[in-house]
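J.: Mind looking over this structure? Questions follow.
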């Protein structure tokens, strides 16, 4: 039983070459959107299960890497080519040497994976639906069906998707959708990253039955739309080292707070701090809980438009956030989320009801 179950259909084996005084340094990690989310959740001492397909030799290595990071793995194992990449960062910039999305997941394996998600999510208060390694890995409509079948029993469904998969989870009426302004523009929902355009697009999504919408706007403050209106979420600028993975850290912070019963506004504040820390690091989905909580103190939530409860202030208690990021009553241990596994490099409040009526580096894989 985990605090959060993540549907991460096709994790990626990442190999990154870095410069070193004695020559090249090679880093091997598990990666991909769902893995980066899981990594940050573990940093926030939240227990995690990943449901995925593990393919061929790549899959064998990925299982060991994920379990070394104390992530529970429920997998459909199959033959074939798994998702992997090889990047060279010795010159300071990331150079792609080879990338492979892996083989699409076949019908029978999809059926088994679908059932595994339903079983694993049965006792998890939060489920994250994350994307595959490639567009052809699995049909988008599977996300709609999962959203429908996972609803209920007090469970909160968080989706961090784009394109057809985003449309599918909206149709499935998930509790929380996280989306970027680039994705809103690509889908024709917004013309630019302005507050007016993005908030209008968020409202269109919520009108279709989604509980709350979180929209990132690159370096601009992110926005939250819940039943009480639009909130601008901002914090001090951080010097960027690696922007990839910040959105996944945001999603993980949101899920960690929701799993502990926090409101969506408490959750987005913790998520914003996690995402902000991630951009300062080489690794993806990394950071320590103490620093994240310190950053949380600079997060500001400002009401832009009011919804049904116009008197709500949308303020978050720092003490409340500290409790939310503290040890989970279900984690069964007191692991220091700021400690890296030995020898491993890291990749790159308000009083609201249930979030269904709601409110940026272990180092990179790819260090």
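J.: Run residue 55 past the list (1) closer than 28 Å to residue 3 by Cβ; (2) touching a helix residue (DSSP H, G or I) at 6+ places or on another chain (Cβ under 8 Å); (3) surrounded by 18 or more Cβ atoms within 10 Å (Cβ to Cβ) and report the number of the one that doesn't hold.
T.: (2)
J.: Within the stretch 245-280, track down each residue that is over 17 Å from residue 32 (Cα atoms) and at pLDDT below 55.
T.: Within the stretch 245-280, none qualify.
J.: Collect the residues in the stretch 222-244 that are in a strand (DSSP E or B) and modelled with pLDDT under 90, keeping them in residue-number order. Reasoning before the result, please.
T.: Just the residues of the stretch 222-244 that are in a strand (DSSP E or B), to begin with: 222-226, 229-234.
Within the stretch 222-244, just 234 meets the criteria.
J.: Now for a different question. Which one of 102, 172 is crowded, with 19+ Cβ neighbours inside 10 Å, under 30 Å from residue 209 (Cβ atoms) and either within 18 Å of the chain's Cα centre (by Cα) or at pLDDT 95 or above (or both)? It would help to see each step written out before you state the result.
T.: Numbers: 102 fails: under 30 Å from residue 209 (Cβ atoms).
Exactly one residue qualifies, and that residue is 172.
J.: Could you go through the stretch 13-29 and let me know if any residue there is closer than 26 Å to residue 169 by Cα, modelled with pLDDT of 95 or more and either in a strand (DSSP E or B) or within 17 Å of the chain's Cα centre (by Cα) (or both). It would help to see each step written out before you state the result.
T.: Within the stretch 13-29, the first condition is being closer than 26 Å to residue 169 by Cα, and the residues that meet it are none.
No: zero hits.
J.: Within the stretch 151-183, can you find the residues that are touching a strand residue (DSSP E or B) at 6+ places or on another chain (Cβ under 6 Å) and in a helix (DSSP H, G or I)?
T.: Result: 169, 181.
J.: Kindly establish whether residue 94 is more than 10 Å from residue 11 (Cβ to Cβ) and in contact with a helix residue (DSSP H, G or I) (Cβ under 9 Å, 6 or more places away or on another chain).
T.: no
J.: For residues that are modelled with pLDDT of 95 or more and part of a loop (DSSP other than H, G, I, E, B), scanning just the stretch 33-56, find the one that is nearest to residue 272 (Cα to Cα).
T.: Among them, the one singled out is 46.
J.: Limited to the stretch 184-222, what total is found for residues that are surrounded by 14 or more Cβ atoms within 10 Å (Cβ to Cβ), out of contact with any strand residue (DSSP E or B) (no Cβ under 9 Å at 6 or more places or on another chain) and within 25 Å of residue 299 (Cβ to Cβ)?
T.: 2
J.: Of everything in the stretch 119-144, what is in a helix (DSSP H, G or I) and more than 16 Å from residue 72 (Cβ to Cβ)? Give them in sequence order.
T.: Looking only at the stretch 119-144, we keep the residues that are in a helix (DSSP H, G or I), and these are 119-121, 141-144.
The answer is 141, 142, 143, 144.
The values are calculated or read from the model by the stated rules, or taken from the named source; none is laboratory data. Keep in mind it's a predicted model, so treat the numbers as computed, not measured. Counting neighbours? That spans all protein chains shown, and the Cβs are built from the backbone with ideal geometry, glycine included.
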